[in-house]
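The values are calculated or read from the model by the stated rules, or taken from the named source; none is laboratory data. Since the model is a prediction, treat every value here as computed from it, not as a measurement. Here the Cβ positions follow ideal geometry from the backbone for every residue, glycine too, while neighbour counts run over all protein chains shown. All accessible areas refer to the heavy atoms of the entire protein, side chains included, with ligands and DNA or RNA removed. Shrake-Rupley method; radii C 1.70, N 1.55, O 1.52, S 1.80 Å.
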There are 2 protein chains.
Amino acid sequence: MKSVENTPVPLFRDIVGPEFVRTDEPTRTAYGLDALKRASGRPADVVILPANTREVAAVMRVCHETRTAIVPRGGGTGYTGGAVPTHGGVVLSLERMNRILDIDELNLLAVVEPHVVTGDLQNAVERVGLFYPPDPQSLRTSVIGGNVAECAGGPRAFKYGTTKQYVLGLEAVLPTGEIIETGGKVVKNVVGYDLTHLLVGSEGTLAILTKIILRLIPKPPVQATLRATFPTVRDAVNAVTGLIRARVIPAALELIDGDSLNAVATYLNTRSLAPEGTGALLLLEVDGLAEQVAAEAERVDRACREAGATEVLRADNESERQELWRVRREISPSLKVITPLKFNHDIVVPKGRIPELFELVDRLRSRYRLRIPCFGHVGDGNIHVNIMVQPHDEDEIRRAHEAEGELFRGAVALEGSISGEHGIGFAKAPYLTLELSTEEIALMKRVKAAFDPHGILNPGKIFPAGD
Amino acid sequence: MKSVENTPVPLFRDIVGPEFVRTDEPTRTAYGLDALKRASGRPADVVILPANTREVAAVMRVCHETRTAIVPRGGGTGYTGGAVPTHGGVVLSLERMNRILDIDELNLLAVVEPHVVTGDLQNAVERVGLFYPPDPQSLRTSVIGGNVAECAGGPRAFKYGTTKQYVLGLEAVLPTGEIIETGGKVVKNVVGYDLTHLLVGSEGTLAILTKIILRLIPKPPVQATLRATFPTVRDAVNAVTGLIRARVIPAALELIDGDSLNAVATYLNTRSLAPEGTGALLLLEVDGLAEQVAAEAERVDRACREAGATEVLRADNESERQELWRVRREISPSLKVITPLKFNHDIVVPKGRIPELFELVDRLRSRYRLRIPCFGHVGDGNIHVNIMVQPHDEDEIRRAHEAEGELFRGAVALEGSISGEHGIGFAKAPYLTLELSTEEIALMKRVKAAFDPHGILNPGKIFPAGD
């Protein structure tokens, strides 16, 4: 798929109106970045802001007929460049399609346009006692369409599952410009292939989502938050193992390692984040009815102490809860203080193998002389491994890339995956062959061609270049 | 795709051993039926019983090279003929691949071969305090491979979801004979397209499943079962609405209509199933920790009484619980007493529209002079509509088919689906166009071709003939 230099801008102006077709340099640049401010070197020729599905379909037909690359874009909060254009052409921003169309309390579902901010939807459904669990860290700025395209996760995934567990149906525009509907308003539907869940996580390479039907659940009325500190990561994982043996499934189970704690302490200019010698901190949250929460919090407390916790704190009100979560929220800004650049990887392994993953990271730290703070969702084995580099230190960058390759191979060897949340985009595309076989990649490409015969939709993503 | 008369039996004998290649008439007939004893008129030429994935792949390669139709078969408990051969060729029974390979308590997953009986897996995981929720009525005889291929549901789907919510990864043999692995042992994995969930519910038309990794959850320690009777279906649905308003999600929520109750009463030769004038019976089950169950059972009781229940019973022990469930279990044998033949449809509509579905069924009853007992999973809107016919009454069969078409169109008009659990197979293939657009069907066929270029795998299923 080659980009077309002569993008048919006049046709696009006719479809969406001239004010919603932008070709100025600042706009094209701004719509060419991801959350890490990463660009491809080949921004879009034009940014289009359609108002509705009909306009999306009309733009797509023009792109199909003129073989113009087109990249759908939501909140631009991705970490792997999934919404970053790499072949010029069109960036199609869904930002004007941002309405919550329905919150159906009886049927426990919401119907939304793709650009509804995830946190806004959560607030809206919680006001009527309902709950939309997926909670990516970016929820104040990321949008449902992007969450669905990337199958966003978050801390609550261990108990509640990721975005895919909540998508009931989609309206989508195919690369050929046809509008399809998949799934619907029912939880059960086995008519034909499950295209809904094929589109979830397809990173905008198969279709552009224009409407999303989401399953909601009742909001758990009560929650309890605990924080426990341990000498080592292995002790913390033992506490988690103990919890699972006691058959308790916390709603959140966040692990923060010593390197990350040190970064936050430096950033906040404090020493009092955790007891001296803390190698791992667990944040645990249980939710449900009051009696259940009380019983489960008690079991969490016990499992942590039995695993050798040096301290277990429990929040008794919302402000204490926010204080316990503060360390988690401050990690990202803190890491920016260590170095302005990080290679941020969302490795996932079966949770029983987390200690082995941390042993691997320790080896990478010493072998490649790198700072690698780690934190993440220990319940589902999804650990954010942050390789910190100075942007102008070429030797460090080289070492970081070597460590990265070793990290990915190690995750796969531990029966895990190179991405649990962020997707492949173009940033991880060169590593796809570490995890998928030649036959599996060939099959995925045939599926891609079944949707997009000319390869116009979000080219350069997922699959290794030149492959 | 035409069947090949000269099926390459000697090659198959070399692969699996002569004793596992059957060409005798009784075997070919027995492996050509579904749960309704429905055959296609064109049974397989040969039944093959492979021992492992390697043999499945080798058989598939021969079929691919010789353009021989091949139909995978699990427990044979399907209702739409998904495992019934329609083009001769091979039936590949997975019955020798029936081992539970691992129950991994720490990582909350099980690894199984496809022919593990669903109920056996449930018993095995419950012995260690874990839970595999999907519970199709056929769970004593249906197998996990078939459950995954059809995306089986069951009463617990409202709270716990259907089979797709529990499939983490698959090993599968493509129609070209290549072995792929999809997903894995982690809940989060966003590397490439989600082929796992594309294969779930694909009715054995895209690949043959040879290994399945299933997510498990902790077994709810306590459950409470209630039975409530109502004058009308609308009253019962009002009770359900009241429950959802109170944000209670029962683990089971079964509705049985007056026609079904009468059938069971006749069958059991009793009058005492429910109070005189009962038009609808609800079976409700809540589960969880003891305190939560007590609180929720209380709310269920209240919601039923407020909606006008004539009687609410609660089981206090397991034998009382089995007694309450008895009426549900006896429906299927009872219906066979009304007539030996039923057109059994698993309509699904958003639950708020269930009263409209029952109004439609009432119209069909009187317009076409048919007995149509209905029961099902009211929580997720999945209602089994049974059109009863005398096998030799041609006029009644004609009326039943007319009612069937009207029922399907009505379900789609109510934002529902023509199949919530049973799939399309060949029995519902003529009706696919009622629910899916030409573009959607064309896209699904392109996906099918991406997996199966010669159309050898389970031909004649899902898609309308000649289309």
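Data for the structure
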| read-out | value |
| --- | --- |
| Residues of region A:173-202 satisfying the condition of being over 17 Å from residue A:97 (Cβ atoms), under 25 Å from the mean Cα position of the chain (by Cα) and more than 8 Å from chain B (Cβ to nearest Cβ) | A:175, A:183, A:196 |
| Helices (runs of 4 or more DSSP H) wholly inside region A:134-218 that include at least 2 residues being farther than 28 Å from residue B:247 by Cβ and open to solvent by 10 Å² or more (accessible area, probe 1.4 Å) | A:144-150 |
| Residue count for region A:176-202, restricted to those that are closer than 20 Å to residue A:462 by Cα and out of contact with any helix residue (DSSP H, G or I) (no Cβ under 6 Å at 6 or more places or on another chain) | 5 |
| Segments classed as helices (runs of 4 or more DSSP H), wholly inside region B:270-359, with at least 1 members that are touching a helix residue (DSSP H, G or I) at 6+ places or on another chain (Cβ under 8 Å) and within 14 Å of another protein chain (Cβ to nearest Cβ) | B:290-306 |
| Residue that is nearest to residue B:112 (Cα to Cα) [pool: residues in region B:56-78 that are surrounded by fewer than 24 Cβ atoms within 10 Å (Cβ to Cβ) and hydroxyl-bearing (Ser, Thr, Tyr)] | B:77 |
| Residues of region A:94-133 that turn out to be of a type in the set (Ser, Thr, Tyr) and touching a Pro at 6+ places or on another chain (Cβ under 8 Å), as a count | 1 |
| Residue match in region A:226-236 (condition: in a helix (DSSP H, G or I), open to solvent by less than 30 Å² (accessible area, probe 1.4 Å) and within 30 Å of residue B:125 (Cβ to Cβ)) | yes |
| Of the criteria (1) out of contact with any Cys (no Cβ under 8 Å at 6 or more places or on another chain); (2) open to solvent by less than 30 Å² (accessible area, probe 1.4 Å); (3) more than 20 Å from residue B:153 (Cα to Cα); (4) within 14 Å of another protein chain (Cβ to nearest Cβ), which one residue B:263 fails | (4) |
| Every residue from region A:117-131 that is within 14 Å of another protein chain (Cβ to nearest Cβ) and surrounded by 24 or more Cβ atoms within 10 Å (Cβ to Cβ) | none |
| Cβ pairs under 6 Å, 6+ apart, first in region A:311-337 and closer than 22 Å to residue A:223 by Cα and open to solvent by less than 20 Å² (accessible area, probe 1.4 Å), second modelled with pLDDT under 90 and outside any helix (DSSP H, G or I) | A:327/A:273 |
| From B:93, B:142, residue being hydroxyl-bearing (Ser, Thr, Tyr) and touching a Lys or Arg at 6+ places or on another chain (Cβ under 7 Å) | B:93 |
| Sole residue being polar (S, T, N, Q), in contact (Cβ under 8 Å) with a residue 24 or more places away in the chain and open to solvent by 40 Å² or more (accessible area, probe 1.4 Å), chosen from B:7, B:23, B:53 | B:23 |
| Conditions (1) closer than 25 Å to residue A:81 by Cβ; (2) without any contact (Cβ under 8 Å) to a residue 40 or more places away in the chain; (3) touching a Cys at 6+ places or on another chain (Cβ under 9 Å); number of the one not met by residue A:119 | (3) |
| Qualifying positions in region A:249-260 - of a type in the set (A, V, I, L, M) and either free of Cβ contacts under 8 Å to residues at least 40 places away in the same chain or buried (at least 23 other Cβ atoms within 10 Å of the Cβ) (or both) | A:251, A:252, A:253, A:255, A:256 |
| Some residue of region B:360-377 being within 14 Å of chain A (Cβ to nearest Cβ) and either open to solvent by 10 Å² or more (accessible area, probe 1.4 Å) or modelled with pLDDT under 90 (or both) | no |
| Selection count, region A:134-166, where residues are in contact with a His (Cβ under 7 Å, 6 or more places away or on another chain) and aliphatic (A, V, I, L, M) | 2 |
| Check on residue B:435, within 13 Å of chain A (Cβ to nearest Cβ), more than 24 Å from residue B:38 (Cβ to Cβ), surrounded by fewer than 24 Cβ atoms within 10 Å (Cβ to Cβ) and within 21 Å of the chain's Cα centre (by Cα) | no |
| Spans of strands (runs of 3 or more DSSP E) in region A:52-116 with at least 1 residues within 14 Å of chain B (Cβ to nearest Cβ) | A:100-104, A:109-112 |
| Exclusive hit being within 14 Å of chain B (Cβ to nearest Cβ), open to solvent by less than 10 Å² (accessible area, probe 1.4 Å) and not basic (Lys, Arg), set A:386, A:382 | A:382 |
| Residue B:416, sole failed condition from (1) more than 14 Å from chain A (Cβ to nearest Cβ); (2) open to solvent by 10 Å² or more (accessible area, probe 1.4 Å); (3) touching a strand residue (DSSP E or B) at 6+ places or on another chain (Cβ under 7 Å) | (1) |
| For residue A:296: the one exception among (1) under 29 Å from residue B:109 (Cα atoms); (2) out of contact with any Asp or Glu (no Cβ under 9 Å at 6 or more places or on another chain) | (2) |
| Failed item, numbered, when residue B:304 is tested on (1) within 28 Å of the chain's Cα centre (by Cα); (2) surrounded by 24 or more Cβ atoms within 10 Å (Cβ to Cβ); (3) under 28 Å from residue A:129 (Cα atoms) | (1) |
| Checklist (1) out of contact with any Pro (no Cβ under 6 Å at 6 or more places or on another chain); (2) touching a residue at least 40 places away in the same chain (Cβ under 8 Å) applied to residue A:457, failing item | (1) |
| Every residue from region B:259-286 that is small (Gly, Ala, Ser) and in contact with a strand residue (DSSP E or B) (Cβ under 7 Å, 6 or more places away or on another chain) | B:260, B:274, B:279, B:280 |
| Candidates A:427, A:403, A:411 - the one that is more than 14 Å from every other protein chain (Cβ to nearest Cβ), small (Gly, Ala, Ser) and buried (at least 22 other Cβ atoms within 10 Å of the Cβ) | A:403 |
| Search result, residues across region A:128-167 that are charged (D, E, K, R) and in contact with a strand residue (DSSP E or B) (Cβ under 9 Å, 6 or more places away or on another chain) | A:135, A:140, A:156, A:159 |
| Checklist (1) closer than 16 Å to residue B:53 by Cβ; (2) at pLDDT below 95 applied to residue B:160, failing item | (1) |
